[in-house]
Amino acid sequence: MTALDPAIPESARPESADPVSADPERVDRSDLQRRTVRTLIAAQVVGGVGMGSALTVGGLLAEDLSGSKSWSGVATTAITLGAALFALPMSRAATRYGRRVALTAGWAVAAVAAGGVILAAVLGWFPLLIVALLVFGAGTAANLQSRYAATDLADDAGRARALSVVVWSTTVGAVLGPNLNEPGAVVGRALDLPELAGPFLFSIVSFAGAGIILWVALRPDPLLVARADLGDRVPPRAGLRGAFAVIRRAPRALLGLATVAFGHVVMVSVMAMTPVHMKDHGTALTLVGLTISLHIAGMYALSPAVGWAADRFGRIPVILGGQFVLLLAVFTAGTSGHSTWRTMVGLVLLGLGWSCCLVAGSALLAESVPAGERPGVQGVSDLLMNLAGAAGGAVSGSVLGMAGYGGLNLVAGLLTAPVLCVAAGFALGRGRRRTA
């Protein structure tokens with residue numbers, strides 16, 4: 001590894017680089033990568049508990065404060081839009097100060113926002129709730145950008161696996177969090193708070209815990225070490241224009257970006273309306289909940305296997321496989337009719353296809369741009385991913401009303417075409433080069 005030239009003045013070095021982070025000779029890269037992944041997993045598990053707990057009651061709280069069921073869906077939309085709004089500021093912070101500062105700040109802001117949600121519930125003020133949930137999206141942004149921190153020091157042979165393990169750790173929070181709703185209500189009553197505000201107390205503790213873990217343990221900062229390895233001394237600007245310029249120069253990065261965004265909009269569009277479809281067909285609420293739980297398991301539980309496949313067989317083959325899994329998912333769900341088990345199978349496949357898109361697409365994006373440019377490009381990826389998800393969730397209801405659940409799945413299936421065609425073109429081109 002190459003150390004920083006001592007002749008370079010301090011003002012030309014990364015602003016936040018502490019002596020350990022700035023000198024790669026003082027750390028063992030492989031050991032630091034293992035410690036980084038362990039730290040990220042711990043933070044994801046702790047922070048994910050608060051996220052899972054809050055997401056399940058956010059819609060109920062919105063309905064309670066607004067007095068209308070039509071506003072219940074605005075909670076998830078607000079959090080998703082908030083994640084999009086915080087994606088670029090967090091990427092700028094990572095570029096300038098490193099992953100440790102950016103991710104810690106994201107969780108800290110989300111903890112404050114959880115307090116704002118509780119205040120809105122106490123005051124019964126719906127507009128304050130929406131603003132607080134928008135800011136609450138900083139936690140989702142930190143959760144998403146943590147997967148990229150796992151790739152900063154990873155080599156090509158293990159990048160997707162490192163990313164996928166961090167994605168997998170979200171499963172713990174997604175499963176454990178919703179089970180804390182009742183204890184949260186008990187704690188809320190004990191503190192003379194509205195019952196639906198109680199789970200957000202756990203969110204405050206959870207988010208603060210994730211931030212503390214990262215602040216204490218994520219050092220040396222993996223991004224600053226990776227930048228020092230390559231001799232990058234002055235962090236580049238991480239704006240939209242600069243990030244898009246970098247992406248345009250790297251077609252594989254553009255494919256990775258499109259894979260993540262399109263895969264997310266397909267998943268959100270179908271998943272958001274599946275409970276409505278099942279309820280309209282008289283499915284018991286317990287089976288509806290089980291279907292969504294299995295869907296979440298499909299999203300996260302198999303991500304390490306997806307990461308292994310992406311490292312073993314390549315990013316583009318897994319991206320192509322993900323598109324075919326998504327097509328199989330929308331066909332199975334879209335033709336399910338009154339069959340609950342077919343809907344369940346379709347939703348599990350939908351989660352698995354999304355996992356292929358997220359893991360392989362994110363790994364392809366990370367390795368296709370220079371290390372110094374990665375935070376800005378990754379911020380743009382998360383921005384587009386969350387905007388696409390919010391748009392898909394907002395439009396899916398109208399599509400369901402006009403074309404039914406089968407029509408919704410058909411439209412979602414058509415959205416796989418751009419990535420499928422481009423990825424196939426890359427695969428064919430690579431095959432021709434090998435033959436030549």
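The values are calculated or read from the model by the stated rules, or taken from the named source; none is laboratory data. Note that the coordinates shown come from a computational prediction; the quantities given were computed from them, not determined experimentally. Positions of Cβ are backbone-derived with ideal geometry, glycine not excepted, and every protein chain shown enters the neighbour counts. Surface areas here come from the heavy atoms of the whole protein model, side chains and all, with no ligands, DNA or RNA. Shrake-Rupley method; radii C 1.70, N 1.55, O 1.52, S 1.80 Å.
Collect the residues in region 96-112 that are among the aliphatic types (A, V, I, L, M) and open to solvent by 10 Å² or more (accessible area, probe 1.4 Å), keeping them in residue-number order. Hits for region 96-112 are V101, A105, A108, V109, A111, V112. Screening A253, A208, A185 for residues that are part of a helix (DSSP H, G or I), within 30 Å of A113 (Cβ to Cβ) and at pLDDT 80 or above leaves exactly one candidate, A208.
What do you reckon, is V369 crowded, with 19+ Cβ neighbours inside 10 Å, not in a helix (DSSP H, G or I) and not charged (D, E, K, R)? Against the criterion (crowded, with 19+ Cβ neighbours inside 10 Å, not in a helix (DSSP H, G or I) and not charged (D, E, K, R)), V369 qualifies.
Considering the conditions (1) in contact with a Gly (Cβ under 6 Å, 6 or more places away or on another chain); (2) modelled with pLDDT of 95 or more, G351 is excluded by exactly one of them, (2). With respect to the conditions (1) modelled with pLDDT of 80 or more; (2) touching a Ser or Thr at 6+ places or on another chain (Cβ under 8 Å); (3) open to solvent by less than 10 Å² (accessible area, probe 1.4 Å), T80 lacks only one, and its number is (3). Taking (1) buried (at least 20 other Cβ atoms within 10 Å of the Cβ); (2) in contact with a Leu (Cβ under 8 Å, 6 or more places away or on another chain); (3) farther than 29 Å from A142 by Cβ in turn, V399 satisfies each apart from (1). Looking across region 249-270 at every residue that is over 22 Å from A394 (Cα atoms) and in contact with a Phe, Trp or Tyr (Cβ under 9 Å, 6 or more places away or on another chain), the one that is most open to solvent (accessible area, probe 1.4 Å) is identified as R252. Going through (1) assigned to a helix (DSSP H, G or I); (2) within 29 Å of R29 (Cα to Cα); (3) at pLDDT below 85 one by one, A245 falls short only on (2). Filtered by the rule that a residue be open to solvent by less than 30 Å² (accessible area, probe 1.4 Å), among the aliphatic types (A, V, I, L, M) and outside any helix (DSSP H, G or I), region 113-159 gives A150, L153, A154.
Condition check ((1) open to solvent by less than 10 Å² (accessible area, probe 1.4 Å); (2) in contact with a strand residue (DSSP E or B) (Cβ under 7 Å, 6 or more places away or on another chain); (3) in a helix (DSSP H, G or I); (4) within 27 Å of L255 (Cα to Cα)) across all residues:
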{"position": "A272", "(1), (2), (3), (4)": "no, no, yes, yes"}
{"position": "M278", "(1), (2), (3), (4)": "yes, no, yes, no"}
{"position": "T291", "(1), (2), (3), (4)": "yes, no, yes, no"}
{"position": "D311", "(1), (2), (3), (4)": "no, no, yes, yes"}
{"position": "L320", "(1), (2), (3), (4)": "no, no, yes, yes"}
{"position": "L347", "(1), (2), (3), (4)": "yes, no, yes, yes"}
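Residue count for region 325-340 satisfying the condition of being part of a helix (DSSP H, G or I) and open to solvent by 10 Å² or more (accessible area, probe 1.4 Å): 8.
The C-beta contact set for region 23-51 (first residue under 14 Å from S146 (Cα atoms), second residue among the hydroxyl-bearing types (S, T, Y) and modelled with pLDDT under 90, distance under 7 angstrom, 6+ apart or interchain) comprises I41/S169; Q44/S169; Q44/T170; V45/S169; G48/T170. Taking (1) in a helix (DSSP H, G or I); (2) at pLDDT below 80 in turn, P6 satisfies each apart from (1). Is there a residue being open to solvent by 40 Å² or more (accessible area, probe 1.4 Å), without any contact (Cβ under 8 Å) to a residue 60 or more places away in the chain, assigned to a helix (DSSP H, G or I) and more than 20 Å from L180 (Cα to Cα) anywhere in region 70-77? Yes: one or more hits.
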